[in-house]
Amino acid sequence: MAWFLRKSLHLPSPEEALPGRAERPFALSGRHAVTERSIFPPFPAGLRQIQLGMGCFWGAERLFWQRPGVWVTAVGYAGGFTPNPTYEEVCTGLTGHAEVVLVVYDPGILDEVALLRLFFESHDPTQGMRQGNDIGTQYRSAIYWTEEVQRRVAENLRDAYAAALARAGFGPITTEIREAGPFWYAEEDHQQYLHKRPWGYCGLRGTGVRCPDPIRAA
């Protein structure tokens, strides 16, 4: 994952971004390698979706597919400009995308507070365009929400966690929180990568600081 040697730490403008393409340039099986459920919508009624960026998406996806209440996960690219990008294009920093996990979950089992506390505590949301040794705009911390309750909980938790992190000597939280746009699925090899290669790279590291449990948003 050491693509950082040739990448900018600044997001491109829409005019600077790679043009992309109208169709996905690779085939996907559409089946989750662990659960065997479809990673494509439509999903069962009552489930919610959110896109979460925590650095390299390999370890982040494993974190969520192991969580009770998560129906299915998939890795992909979001938050940028280039349609139907490839991994190599995202790694240049010229698409504007972050590596993210699409998490489809049952809020009756895993609510937004529990889900997003797991998100904040499992990586360092203060590092800007990096996570540890993974450096580049694709590794930024991001929450792309699809439901208003997700936005409210994300902002409440961000503010509560920022205070806890400051007391522990960390800098300000840099997590990008905004409404989700298109989610572009990553290549088959990246889907459930650490299930297929249990010995593979995982750069996921938390701060060791507990995220406070604020008043739950309804």
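Every number here is computed from the coordinates shown, using simple stated rules; none is lab data. All figures in this text were calculated on a predicted structure; none of them were measured in a lab. Every residue, glycine among them, receives a Cβ derived from its backbone with ideal geometry; neighbour counts consider all protein chains shown.
Estimated from helical segments only, the mean residue ellipticity of the chain at 222 nm is -6500 deg cm²/dmol, where each DSSP H run of four or more residues counts as -39500 (n - 2.57).
Between the amide H of Ile135 and those of Phe4, distances stay under 5 Å, these residues lying 5 or more places away or on another chain, with hydrogens modeled in the peptide plane. Other residues lying with their Cβ under 12 Å from the Cβ of Arg24 contribute a combined charge of -2, Lys and Arg counting +1, Asp and Glu -1. Amide H contacts for Trp71 (H built 1.01 Å from N in the peptide plane; partners 5 or more residues away or on another chain; cut-off under 5 Å): Val104, Tyr105, Asp106. Inter-part distance, the stretch 46-120 to the stretch 153-218, computed on C-alpha centroids, equals 9 Å. Divide the volume of the convex hull around the Cα atoms of the stretch 14-103 by the residue count and you get 108 Å³ per residue.
Counted by neighbouring Cβ atoms within 10 Å, the residues Arg210, Arg140 run from fewest to most as Arg210, Arg140.
If amide H atoms are built 1.01 Å from N in the plane of the peptide, which residues on other chains or at least 5 residues away come under 5 Å of the amide H of Ile39? Sorted by chain and number, the residues that satisfy this are Arg31, His32. Along the stretch 123-140 the Karplus relation, 6.51 cos²θ - 1.76 cosθ + 1.60 evaluated at θ = phi - 60°, assigns HN-Hα couplings of 8, 9, x, 9, 8, x, 8, 5, 9, x, 7, 8, 10, x, 4, 5, 9, 5 Hz to successive residues, with x for each Gly and Pro. Each residue of the stretch 186-192 is assigned a 3J(HN,Hα), and the resulting list reads 7, 4, 3, 4, 7, 5, 6 Hz, derived from the Karplus form 6.51 cos²θ - 1.76 cosθ + 1.60 (θ = phi - 60°), x at Gly and Pro. Our coupling estimate for the stretch 17-32, obtained by passing each phi through the Karplus curve with A = 6.51, B = -1.76, C = 1.60 and θ = phi - 60°, is 5, 4, x, x, 7, 7, 10, 4, x, 8, 8, 10, 6, x, 10, 6 Hz, Gly and Pro reported as x.
For a test of the definition: using alpha carbon positions, the gyration tensor, and the 1.5 limit on a/c, classify the stretch 121-201 as rounded, prolate or oblate. Note, shape of the stretch 121-201 comes out oblate.
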